[in-house]
1. What FRET efficiency comes out for ARG122 versus THR9 if R0 is 41 angstrom and r is the Cβ-Cβ distance? Round to the nearest 0.05.
2. Taking every DSSP beta bridge that has both residues in the chain, what percent is antiparallel when rounded to the nearest 5?
3. Can you bin the chain into rounded, prolate or oblate? Criterion: square roots of the alpha carbon gyration tensor eigenvalues sorted a ≥ b ≥ c, rounded for a/c under 1.5, prolate for a/b above b/c, oblate for the rest.
4. Note down the relative contact order for the range 172-245 as a percent, whole number, built from C-alpha pairs under 8 angstrom at least six residues apart.
5. Lys/Arg Cβ at +1, Asp/Glu Cβ at -1, dipole of the chain taken about the Cα centre: which of VAL211, LEU6, ILE142 is farthest positive-ward?
6. Taking 0.36 nm per residue of sequence separation and subtracting the Cα-Cα distance, how much length would be gained by fully extending the chain between GLU67 and PHE191, in nm to one decimal?
7. At a Förster radius of 51 Å, what calculated FRET efficiency corresponds to the Cβ-Cβ distance of VAL233 and ILE32, to the nearest 0.05?
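Each value in this text was obtained by applying a stated rule to the coordinates, not by laboratory testing. Given the structure is predicted, the values throughout are model-derived calculations rather than measurements. Virtual Cβ from ideal backbone geometry, glycine too; neighbours counted across all protein chains shown.
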Amino acid sequence: MTLGDLVLTGDQEGEIKKLMKAIEHREYLADIGLREIGKILFVGPPGTGKTTVSRALAHELSLPFVEVKLSMITSQYLGETAKNVEKTFEVAKRLSPCILFIDEFDSVAKTRRSDEHAALKRAVNTLLKSIDDISLIRDEVILIGATNHPDQLDAAAWRRFDEIVNFPRPDEAMRADILRIITERMEIAEFDPVEVAELTQGLTGSDLRMVLREAVLEALAEERTALTQQDIVNAVEEFEERDNLKNMNMMDDSDQMIAGDGGDSHGHTHQH
Ligand SMILES: Nc1ncnc2c1ncn2[C@@H]1O[C@H](COP(=O)(O)OP(=O)(O)OP(=O)(O)O)[C@@H](O)[C@H]1O
Ligand SMILES: [Mg+2]
């Protein structure tokens, strides 16, 4: 996906533009002594476009994209974790100019509890030091961190980013725009993205994509490649049922878990 395929808030657009200008004018910035730039943290719930925006940015700037999930380089041997962090930053420096994208940033840089192991603190300190040691101006590496849990992020890690960009769940107008983009190449009779946007409060861009995929597959099951607005409305309902399943506690013995027992035809009223 390119930046043009993404629906961004004004704030996100502004920050991305600033970052692109900073990269373009990095020599000027170095000349006037502004070195603390090029470290940016994306904060927001899953599916709001943090990874996609970062990739699109790399594409737009024709830069290599180095992506790591911090949880994947976290070893049960904490000495290894520190080494992996160092290696990651070395790779980025070698590939520079590039974008280094560190996902699940909170998984290491968690607010440290006093009872935690000294080795874990060393791993976190290695990460913090690596962030300090990397620079857009000197190394031509842009660092983008992403987190779903800003509350769990260590204050020292938070301080190291010069820009924080919020990735909120899209509002109604944004959802309608995202729906228009997702459906651009689909044939949908009586398509009304505004109505679908009204029905999908709280859903993310990624959720909307899943809804449309479901609608397409349901239609295909009926040998149709042309969709209708109703197909999409049905898919929204199905998505919500799926979401309810996710939130259900599998260990409680409520009767909603029993197959075939769902109808009121048994003369048995359920209260969900
Ligand atoms: N603002 C948006 N505009 C258009 N599409 C979006 C938007 N947000 C999300 N999407 C769609 O959802 C997909 C998933 O988004 P992405 O993986 O970038 O989310 P994320 O914020 O990185 O989530 P996670 O925190 O789970 O890693 C994207 O590929 C895109 O298709
Ligand atoms: Mg992501």
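1. Working: r = 38 Å, r/R0 = 0.92.
Once the sixth-power term is evaluated, E becomes 0.60.
2. In the chain, DSSP labels about 5 percent of beta bridges as antiparallel.
3. Oblate.
4. Answer for the range 172-245 is 36 percent.
5. Highest projection toward the positive end goes to ILE142.
6. So the extension gain works out to 40.9 nm.
7. 0.35
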